[in-house]
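Just below is one structure, and these are the notes that go with it.
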Amino acid sequence: MDKVDWIAALSDSQHELIYNAFSFAVAAMGIGFVYFLVSRNRVAPQYRSAVTMSAMICGIAAYHYWRIFGQFADGGTWNEGYRYADWLLTVPLLVAELVVVSGLSKEAAKKTTPRLVVAALLMIATGYPGETAAGGSSTRTVWGIISSIFMLYVLYELFAGEVGKALKSQSGEVGSKLNNVRYLLLLTWGVYPIAYILGDSSSWLSETLGLSGSEASTAIQFGYTIADVLAKPGYGLIILGIAIARSNAEGYRAA
């Protein structure tokens, strides 16, 4: 059963769950966009770019979720291209804003940030051909492996590379929040390969779970959406908390 058939086979309760998830995401992203914009002056100037990036991330996601929600509300379908256009813009920003508050030196950040941004871009760009390929095809598998390589590189940098070392060197409230944001990223990113595999009805995971096409499709859309909310406004709130804690420790007081 292909994806078009999955959508047509959605039950009323499955349709309602996806509808409500998309609606919630639009609201969460929109609120996050406004909140981060008005919160910029709460942090010292050197950390404001991180808060600005959080606002940008939520604004970009709000627009794309509005398009996804509108399409689903009107015709009961969705376009995964909107998700990938969103991720292509927001995922590099997610890693870049973490570098800003990580405690990495300016010299090291200038070298590390471009590498992370390029790897994040390639992770998304190489995932899309696989996402749109037919289930069970070698094309889907090959592109999935390539995308995973770039994801593993980014995670390596965040846990064991220069950024990871900078994060581990922090202590107190800042250190705790940095550790939390890093594991939140790991948790939410872990949803995407699972959903990617479920997108192939002939995959070992789909067969093991015994999900019907509509059940798998519902799980994918709901999982993607909740992961996005956690990885964008949720992640941004922790980044803001880190920026505020650093600002306070450095003697900055908001007007």
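When you scan segment 201-212, do you find a residue that is within 22 Å of Asp86 (Cα to Cα) and either assigned to a loop (DSSP other than H, G, I, E, B) or among the acidic types (Asp, Glu) (or both), even just one? Checking segment 201-212: not a single residue is within 22 Å of Asp86 (Cα to Cα) and either assigned to a loop (DSSP other than H, G, I, E, B) or among the acidic types (Asp, Glu) (or both). Is it the case that segment 75-98 has a residue that's farther than 25 Å from Pro129 by Cα and surrounded by fewer than 19 Cβ atoms within 10 Å (Cβ to Cβ)? Scanning segment 75-98, I find no residue that is farther than 25 Å from Pro129 by Cα and surrounded by fewer than 19 Cβ atoms within 10 Å (Cβ to Cβ), so the answer is no.
So which residues in segment 55-103 are among the small types (Gly, Ala, Ser) and on the phi < 0 side of the Ramachandran plot, if there are any at all? If you could, list the steps in order and put the result at the bottom.
Our first condition is that a residue be among the small types (Gly, Ala, Ser); within segment 55-103, this holds for 55, 59, 61-62, 70, 73, 75-76, 81, 85, 96, 102-103.
Listed by number, the residues that qualify are Ala55, Gly59, Ala61, Ala62, Gly70, Ala73, Gly75, Gly81, Ala85, Ala96, Ser102.
When Phe36 is tested against (1) aromatic (Phe, Trp, Tyr); (2) more than 22 Å from Gln221 (Cα to Cα); (3) more than 19 Å from the chain's Cα centre (by Cα), only condition (3) is not met. Just so you know, in segment 230-255 the residues that are among the charged types (D, E, K, R) and assigned to a helix (DSSP H, G or I) include one that is farthest from the chain's Cα centre (by Cα), and it is Arg246.
Considering segment 101-142, and only residues there that are among the β-branched types (Val, Ile, Thr) and surrounded by 21 or more Cβ atoms within 10 Å (Cβ to Cβ), the residue that is farthest from Arg40 (Cα to Cα) turns out to be Ile124. Residues of segment 225-236 that are out of contact with any Gly (no Cβ under 7 Å at 6 or more places or on another chain) and either among the small types (Gly, Ala, Ser) or buried (at least 19 other Cβ atoms within 10 Å of the Cβ) (or both): Thr225, Ala227, Asp228, Val229, Ala231, Gly234, Tyr235. Note on segment 18-48: residues that are aliphatic (A, V, I, L, M) and either under 22 Å from Ala249 (Cα atoms) or surrounded by fewer than 17 Cβ atoms within 10 Å (Cβ to Cβ) (or both) amount to 7. If you check Leu104, Leu116 for being closer than 22 Å to Leu185 by Cα and within 19 Å of the chain's Cα centre (by Cα), only one passes: Leu116. Using beta carbons and a limit of 7 Å, which pairs, at least six apart or on different chains, have the first residue in segment 229-255 and of a type in the set (Lys, Arg) and the second one part of a helix (DSSP H, G or I) and surrounded by 22 or more Cβ atoms within 10 Å (Cβ to Cβ)? From residues that are of a type in the set (Lys, Arg), the pairs are Lys232/Met29; Lys232/Gly32; Lys232/Ile57; Lys232/Cys58; Lys232/Ala61; Lys232/Thr90; Arg246/Tyr47; Arg246/Val101.
Read the figures in this text as sums done on the coordinates, not as results from a lab. Computed from a prediction, not measured in an experiment: that's the story for all the values here. Virtual Cβ from ideal backbone geometry, glycine too; neighbours counted across all protein chains shown.
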